[in-house]
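Trainee: To start, I am sharing the structure in question, which I have written as structure tokens.
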Amino acid sequence: MKKVEAFIRHEAFEPIRMELLDKGFPSLSIAEYKGSGRQKGITEQYRGSELTIHLRPKLKLEIVVDDKDLPVVTETILRYARTGQVGDGKIFVIPVEEAIRIRTGEDGHEVLQAHETKEIPAGA
Ligand SMILES: Nc1ncnc2c1ncn2[C@@H]1O[C@H](COP(=O)(O)OP(=O)(O)OP(=O)(O)O)[C@@H](O)[C@H]1O
Ligand SMILES: [Mg+2]
């Protein structure tokens with residue numbers, strides 16, 4: 001199992017979420033982050049004085065998938081997150097040892113994403 005951690009622009013999230021859902025990956029987490037990349041900062045004016053902004057807002061998307069599903073997930077993120085401009089973000093891939101569904105105690109990669117056996121009603 002692998003965890004994909006992607007720092008992306010906010011605008012990229014909704015198309016990525018819709019495509020991952022469509023491809024059978026409904027389960028993910030996001031959080032608001034602030035970060036810096038290679039650029040040293042952006043200089044802006046604030047009440048007449050120069051102000052350098054070092055931290056920019058980003059979304060962090062986290063999604064844990066089976067190893068075989070890693071390429072489709074990274075390709076989906078790249079497709080929508082890449083504009084070609086600096087600040088498009090970065091993807092990290094991290095090994096995951098175990099996943100356990102708390103409700104049932106089941107473990108393994110079967111618990112990660114869409115149920116193959118039955119539909120779960122919205123809101124469940
Ligand atoms: N090595 C890293 N460790 C942790 N977070 C990182 C790392 N690199 C990038 N990030 C996160 O990703 C965000 C976007 O990075 P960014 O796209 O600016 O990377 P970059 O290497 O500067 O590439 P680019 O030249 O395309 O801007 C950062 O604001 C930060 O939140
Ligand atoms: Mg950068």
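Just so it is clear, none of the values below were taken in a lab; they were calculated from the coordinates. The structure presented is a predicted model; accordingly, all values stated were derived computationally and were not measured. Note: ideal-geometry Cβ built from the backbone for every residue, glycine included; neighbour counts use all protein chains shown.
Trainee: Suppose we filter L59, L70, L55, L78 for residues that are touching a strand residue (DSSP E or B) at 6+ places or on another chain (Cβ under 9 Å), touching a residue at least 40 places away in the same chain (Cβ under 8 Å) and more than 25 Å from G108 (Cβ to Cβ); which single one remains?
Mentor: Working: L70 fails: more than 25 Å from G108 (Cβ to Cβ); L55 fails: touching a residue at least 40 places away in the same chain (Cβ under 8 Å); L78 fails: touching a residue at least 40 places away in the same chain (Cβ under 8 Å).
The conditions single out L59.
Trainee: Only one of L70, L59, L20 is assigned to a strand (DSSP E or B) and either more than 13 Å from ligand 1 (Cβ to nearest atom) or within 24 Å of Q113 (Cβ to Cβ) (or both); which?
Mentor: L59
Trainee: Given the options I53, I8, I63, name the one that is within 15 Å of ligand 2 (Cβ to nearest atom), surrounded by 13 or more Cβ atoms within 10 Å (Cβ to Cβ) and of a type outside the set (D, E).
Mentor: Values: I53 fails: surrounded by 13 or more Cβ atoms within 10 Å (Cβ to Cβ); I63 fails: within 15 Å of ligand 2 (Cβ to nearest atom).
Step by step, each of I53, I8, I63 is checked, and only I8 is within 15 Å of ligand 2 (Cβ to nearest atom), surrounded by 13 or more Cβ atoms within 10 Å (Cβ to Cβ) and of a type outside the set (D, E).
Trainee: Confirm whether G89 is at positive phi, surrounded by fewer than 14 Cβ atoms within 10 Å (Cβ to Cβ), among the small types (G, A, S) and within 16 Å of ligand 1 (Cβ to nearest atom).
Mentor: On the way: at positive phi: yes; surrounded by fewer than 14 Cβ atoms within 10 Å (Cβ to Cβ): no; among the small types (G, A, S): yes; within 16 Å of ligand 1 (Cβ to nearest atom): yes.
In short, no.
Trainee: Does region 32-49 contain at least one residue that is over 20 Å from K2 (Cα atoms), touching a Ser or Thr at 6+ places or on another chain (Cβ under 9 Å) and more than 16 Å from ligand 2 (Cβ to nearest atom)?
Mentor: Filtering region 32-49 down to residues over 20 Å from K2 (Cα atoms) leaves 32-49.
Those still in the list that are touching a Ser or Thr at 6+ places or on another chain (Cβ under 9 Å) too: 40-44.
Filter once more, keeping what is more than 16 Å from ligand 2 (Cβ to nearest atom): 44.
The answer is yes, given that some residue of region 32-49 is over 20 Å from K2 (Cα atoms), touching a Ser or Thr at 6+ places or on another chain (Cβ under 9 Å) and more than 16 Å from ligand 2 (Cβ to nearest atom).
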